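Since the structure comes first, as structure tokens, the remarks are kept for the end.
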Amino acid sequence: MSKARVIVADDEESMRYFVTRTLGRHGYDAVAAGDGEDAVRQFDTLPADVAVVDLKMPGLGGLAVLQELRRRDPEVIVIVMTAFGTVESAVQAMKGGAYDYISKPFDEDELLLILERALAHRTALRENRDLRRMVDHRSSYAGLIGQSPAMKSVYQAIEALQDSDATVLITGESGTGKELVARAIHMGSRRRSNPFIPVPCAALMDNLVDSELFGHVPGAFTGARQHKRGLIARAQGGTLFLDEIAQASMAMQTKLERFLQEREFTPVGGTESTRVDVRIIAATNQDLASLVASGQVRRELFFRLNVIPVQLPPLRARREDIQVLCAWFLEQVQGGSARIRGLSARAMLALSSYDWPGNVRELQNVVERLAALNPEKELLTVEDLPIELRPDPSALASIDGPSVPASYHEMIAAAERDYFRDLLQHTAGNVTEAAKVAGMSRGHLYRKLKQLGIDTLDARG
């Protein structure tokens, strides 16, 4: 790996020497700072990837160093060192943006493990930042997101239709973005300055079809007191989008077929027909040819709609777009006050391994849920995902660095949570006593509780 630059700030010379020497032997570019002011000066001279700072230093203390470095670079990773018995201050530092803390005394393995995790975290943050930039500049097309070969084929089809008024039939599973594609076709055409009118075919009842599609004149029926323009008239010069055409009733299909043939209509109660100039785009998540064979869709209607077919791929057929879609949805749901910067490599692998029966719409719902449930997190992990989205643990084993084997996380994380909750209830929330029972240091137990998302107050029962 390329050398990561690490600033080590501690007023104790022996600790500075131990940490910098250890990191240097393992390939890191480690530099020592005798106090907080020196750490900030060195960072200003040559920014670092990680800062390992002691909480208690004369002058500029660890919390102040944390704030100064984060102000200069929000992505810098800060690990605080704390003496045994001052864990509460370390927790305060983590609330202020520190990545983790390590309790003195510690050994080489513990230091290296935390640093490896920290660098994997920083890498994930940078990758997600680059993804957000990619969304802004290279991975979107007329509101559609993705640069997979499957989506590029869709973009090419949209471009080919810009100078045409031909009827288009968009097919694809629910949640693939059929209306977005229809709008993209409309906005790329000469009709862009005129209306785009969606027709919810499944929602129109037979007794309302005529009035909704064609409008009515005053006195046409009881309650018709004024003139009403129908959806077709409102689409004049623009595009009429027949959404989920397969769910239109037979009565509606008959009326649409007649309109598509003549391109004119008569309002309910009227005597004169009106000719309109509209482009027709229809969409369905079903196989219309099969429905024609079974008698559920009129044959002539199908032929009139299926002039230029556009097939949208399901999300599972373009898994390479999932990362950029997640970045886009996080940006949208958080707006300008983004706290969550992205997902870890293991979390992204988990999302990419799922089949997404609800397609892009389901992914959007998942991302919005994650953002709502984890407002204080900077990077979402696989443990934050709904349980049904977590794949076989063996698929995650080599991802996200050597922090803890993924199989361990996935197979016994639930059991660990139960164990530590029971343990804290047994000790009435006394973390020091719980650490003794568990056979680990107090700092190790705090990190474990943080990893598992256990609040010591909630765990008292």
For segment 338-358, how many residues are outside any helix (DSSP H, G or I) and surrounded by fewer than 20 Cβ atoms within 10 Å (Cβ to Cβ)? 5
Taking interchain pairs and intrachain pairs at least six residues apart, which have beta carbon atoms under 9 angstrom, with the first residue in segment 376-389 and without any contact (Cβ under 8 Å) to a residue 24 or more places away in the chain and the second of a type in the set (Val, Ile, Thr) and open to solvent by less than 40 Å² (accessible area, probe 1.4 Å)? Pro386/Val366
In the set Asp54, Asp38, Asp49, Asp29, the lone residue that is touching a residue at least 24 places away in the same chain (Cβ under 8 Å) and closer than 22 Å to His444 by Cβ is Asp54
Out of Val310, Val217, sole residue that is more than 30 Å from Pro149 (Cβ to Cβ), open to solvent by less than 60 Å² (accessible area, probe 1.4 Å) and β-branched (Val, Ile, Thr): Val217
For segment 253-262, does any single residue satisfy the condition of being more than 16 Å from Arg299 (Cα to Cα), open to solvent by 10 Å² or more (accessible area, probe 1.4 Å) and free of Cβ contacts under 8 Å to residues at least 40 places away in the same chain? yes
Filtering segment 165-177 down to residues that are under 20 Å from Ile232 (Cβ atoms) and of a type outside the set (Val, Ile, Thr) yields Asp165, Ala166, Leu169
Options Ser174, Ser164; residue that is in a loop (DSSP other than H, G, I, E, B), under 24 Å from the mean Cα position of the chain (by Cα), surrounded by fewer than 19 Cβ atoms within 10 Å (Cβ to Cβ) and touching a residue at least 40 places away in the same chain (Cβ under 8 Å): Ser174
Being part of a helix (DSSP H, G or I), modelled with pLDDT under 80 and over 24 Å from the mean Cα position of the chain (by Cα) is true for just one of Ala93, Ala157. Which residue is that? Ala93
Among the residues that make up segment 306-318, is at least one of them of a type outside the set (A, V, I, L, M, F, W, C), touching a strand residue (DSSP E or B) at 6+ places or on another chain (Cβ under 6 Å) and free of Cβ contacts under 8 Å to residues at least 40 places away in the same chain? no
Closer than 28 Å to Leu325 by Cα, open to solvent by 20 Å² or more (accessible area, probe 1.4 Å) and not hydrophobic (A, V, I, L, M, F, W, C), is that true of Glu244? yes
For the list (1) part of a helix (DSSP H, G or I); (2) over 21 Å from Glu110 (Cβ atoms); (3) among the acidic types (Asp, Glu), I need the number of the one condition that Glu75 fails. (1)
By residue number, the members of segment 359-393 that are β-branched (Val, Ile, Thr), out of contact with any Cys (no Cβ under 8 Å at 6 or more places or on another chain) and not in a loop (DSSP other than H, G, I, E, B) are Val360, Val366, Val382, Ile387
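In this structure, is Arg229 free of Cβ contacts under 8 Å to residues at least 40 places away in the same chain and either open to solvent by less than 60 Å² (accessible area, probe 1.4 Å) or out of contact with any helix residue (DSSP H, G or I) (no Cβ under 9 Å at 6 or more places or on another chain) (or both)?
Details: free of Cβ contacts under 8 Å to residues at least 40 places away in the same chain: yes; either open to solvent by less than 60 Å² (accessible area, probe 1.4 Å) or out of contact with any helix residue (DSSP H, G or I) (no Cβ under 9 Å at 6 or more places or on another chain) (or both): yes.
Here the answer is yes, as Arg229 does meet what is asked.
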May I ask you to verify whether Ser140 is out of contact with any Ser or Thr (no Cβ under 9 Å at 6 or more places or on another chain), open to solvent by 30 Å² or more (accessible area, probe 1.4 Å) and modelled with pLDDT of 90 or more? no
Restricting attention to segment 25-57, which residues are assigned to a loop (DSSP other than H, G, I, E, B) and either over 22 Å from Gln92 (Cβ atoms) or open to solvent by less than 10 Å² (accessible area, probe 1.4 Å) (or both)? His26, Gly27, Tyr28, Gly34, Leu46, Pro47, Ala48, Asp49
Going by what's in this entry, would Arg316 be described as part of a helix (DSSP H, G or I) and either open to solvent by 10 Å² or more (accessible area, probe 1.4 Å) or among the acidic types (Asp, Glu) (or both)? yes
From the residues in segment 7-22 that are touching an Asp or Glu at 6+ places or on another chain (Cβ under 8 Å) and not in a strand (DSSP E or B), which one is most open to solvent (accessible area, probe 1.4 Å)? Glu12
Any chance Ala64 is over 16 Å from Val6 (Cα atoms) and touching a strand residue (DSSP E or B) at 6+ places or on another chain (Cβ under 9 Å): no
On the given criteria, is Val278 open to solvent by less than 20 Å² (accessible area, probe 1.4 Å), in contact (Cβ under 8 Å) with a residue 12 or more places away in the chain, of a type in the set (Val, Ile, Thr) and out of contact with any strand residue (DSSP E or B) (no Cβ under 8 Å at 6 or more places or on another chain)? no
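The values are calculated or read from the model by the stated rules, or taken from the named source; none is laboratory data. Remember, predicted model here, so these are calculated numbers, not experimental data. We place every Cβ from the backbone using ideal geometry, glycine too, and count neighbours over all the protein chains shown. Keep in mind that these areas ignore ligands, DNA and RNA; they rest on the heavy atoms of the full protein, side chains included. Shrake-Rupley method; radii C 1.70, N 1.55, O 1.52, S 1.80 Å.
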